[in-house]
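Only one structure is covered here, and it is reproduced in the block below.
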Amino acid sequence: MKKYLLSLAVMLFTATVINAQKPEVVTEKSPGWHKIGEAKVSFKTEKDQFIILGADRFKSIQVKVKDSPVHIDDMVIQYQGGLKETVSIRSDLGAGTESREIGLKNSSAELRKVSFVYKTVPANTTQKATLELWGLK
């Protein structure tokens, strides 16, 4: 019985962690733009993050928006070793548009996490916006 309860607790904890943060894995090593991850913008929260697994270094990143507009306030970029960089976007991005190319100050360090602070933009559609994070190697 104890083993069953322990197994159930571990499965519930794992399911909670997996649903809260979906890790992104970039395996492409060639130069150029690579899609790091994708997230549906929630109307319930105003913050999302991409957790990047693997030894990935990028020169620049960019956000692409699909399906519906969104207003992105800030991005917090975290590197291996705990270094952080905050980038102000403060822009409404329409469906099918992209942010400016954001040069990374610590391009020699491995990228670990990118967090977004955003607000949904009222639109004529009930679709949620999809954010794509792209990185330039």
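The values are calculated or read from the model by the stated rules, or taken from the named source; none is laboratory data. The model shown is predicted, which means the values in this text are computed figures rather than measured ones. Here the Cβ is made from the backbone with ideal geometry for all residues, glycine too, and neighbour counts use every protein chain on show.
Odds and ends about this structure:
- Within the range 55-69, residues that are charged (D, E, K, R) sit with their Cβ atoms under 6 Å from residues that are surrounded by fewer than 16 Cβ atoms within 10 Å (Cβ to Cβ) and at pLDDT below 85, at 6+ positions apart or across chains, in these pairs: D67/Q127.
- Selection within the range 85-137 - under 27 Å from S30 (Cβ atoms), hydroxyl-bearing (S, T, Y) and assigned to a loop (DSSP other than H, G, I, E, B): T97, S99, S107, S108
- When L111, L133 are checked against the criterion of being at pLDDT 90 or above, over 17 Å from I72 (Cα atoms) and among the aliphatic types (A, V, I, L, M), L111 stands alone in meeting it.
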